[in-house]
Every structure is written in C-alpha cells, then in structure tokens.
1. Identify all lysines with a Cα-Cα distance to K33 below 25 Å; exclude those on the same chain that are fewer than 8 residues away in sequence.
2. Kindly provide the pair-distance distribution of region 1-94 built from C-alpha pairs, with 10 Å bins from 0 and whole-percent values in order of increasing distance.
3. Given H placed on each backbone N at 1.01 Å, which residues far from F32 in sequence or on other chains put an amide H within less than 5 Å of it?
4. Determine the dipole magnitude for region 52-121: charges of +1 sit on the beta-carbon of Lys and Arg, -1 on that of Asp and Glu, nothing else is charged, the reference point is the Cα centre, and the result goes in debye to the nearest 20.
5. Leaving ligands, DNA and RNA out of it, rank F32, F95 by accessible area with a 1.4 Å probe, largest first.
6. How do R55, R169 stack up against each other in accessible area, from largest to smallest, with a 1.4 angstrom probe?
7. Give me the tail of P(r) for region 73-129 as a percent: Cα-Cα pairs with distance above 16 Å.
8. May I ask you to compute the full-extension gain from T40 to K85, defined as 0.36 nm times their residue separation minus their alpha-carbon distance, rounded to one decimal in nm?
Amino acid sequence: MENKIYVAKLGKSVGLNGEIKIFLDSDFPEQFKKGAIFITNKGNSLTVNSFNESRGTINFDEINNIDDAKKLTNQQLFTTQENTKENCKLNKDQFFWFDLIDCMVFENGENLGSIVEIHRYPLGDYFEIKTEKSLVEKDLPKTFLLPYEKNYIKSVDIKSKKIEAKDARAILENS
C-alpha cells in the first residue's frame, strides 16, 4: 500500500464474537466507520463492521469468532493518505501530518531546514527539522525540534510547502 499511514494498534480479543480492543493513534476516530477498510502490517485487509469508541473495541466483517480475533493481537492498522483526506475533516488551521512532512521552515526569509518527522510528546507536538546544509556547515546542529504551536508557527502554506516560524532560529542555535 502506497502512502500508508499508521492509525491504530489492535489489542486482545474481547468476548466470543470477534471484537478486538483497539488503541487509536489518530486524531480522527470518525474514520473507523462501518465499511471503512484498513490494512494490517501483515498485509490483511479488514473492513470495519462496528466501532465502539467509548469501549475502545472494534469488529471487522472478516472476523466473527474469538480464534480469528486472537490472530490479530498486536497487529497495526494502516490507511492511505487518500482515505484519510476523504474520511477526516479538518478545521481551519489544521493540517494532516503527512502534508507537513517535507515543508521548509523559514524565519525572516531564511530557510532553516525541512520537517522530516512530527513527534507527539505529553506536552505537545514537535516538528523534527533537518537543518539547512549551509547552517550545518556553520556548526549548527543537524536537526532540531520546534514546538508545533501558535507561539512559534506564524503561517503554513501546504501548497508551496512553506512554514513561516518565529523564534525558530534561537531554538536551533540553542539546540
């Protein structure tokens, strides 16, 4: 599957009818609607039959007994970027993480580097930025973390893959 996105991990089976504990790693529980298709890390295609967010359980059309459910324990669920864009609605000033990857981070017209990864920590989300080569040659760190919050991110332009930041240079210099 091209452009696959990790969205959840399956836990142990619950009951006798193939229900499985699910641990979401997504901000969009609504994508787990009846009929949605996910692929496991073992290459199995699974179609959602029912999802109970409050109980943290899911049931798939292909799984209807405890023995089949047990085989899925600890498997990961993936979806595609296309399905994500179709099934997950963003609010103003929200972006999919996969759209932010590879964006260049600028401050006052200077390219500081590009986003290679986004990390979720208890205190918030952080961009991992690969520092622009010319700055690394000036003995600045090869990578640095920038908080993904309004105090540091002035604007995001997904189409041109540019992010305008504030105080990012100071964070880079002190990393």
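1. K4, K9, K12, K21, K42, K70, K71, K85, K89, K92
2. Histogram of Cα-Cα distances, whole percents per bin: 17, 54, 24, 5, 1.
3. The list, which skips near neighbours in sequence, is empty: none.
4. Once rounded to the nearest 20, the dipole reads 300 debye.
5. Ranked from most to least accessible, the order is F95, F32.
6. These residues rank, largest area first, as R55, R169.
7. 61 percent
8. This chain segment gains 14.3 nm when fully extended.
The values are calculated or read from the model by the stated rules, or taken from the named source; none is laboratory data. Computed from a predicted model, the values in this text were never measured in an experiment. Ideal geometry is used to build each Cβ from the backbone, glycine not excepted, and the neighbour counts take in all protein chains shown. Surface accessibility is based on the protein's heavy atoms, side chains included, excluding ligands, DNA and RNA. Shrake-Rupley method; radii C 1.70, N 1.55, O 1.52, S 1.80 Å.
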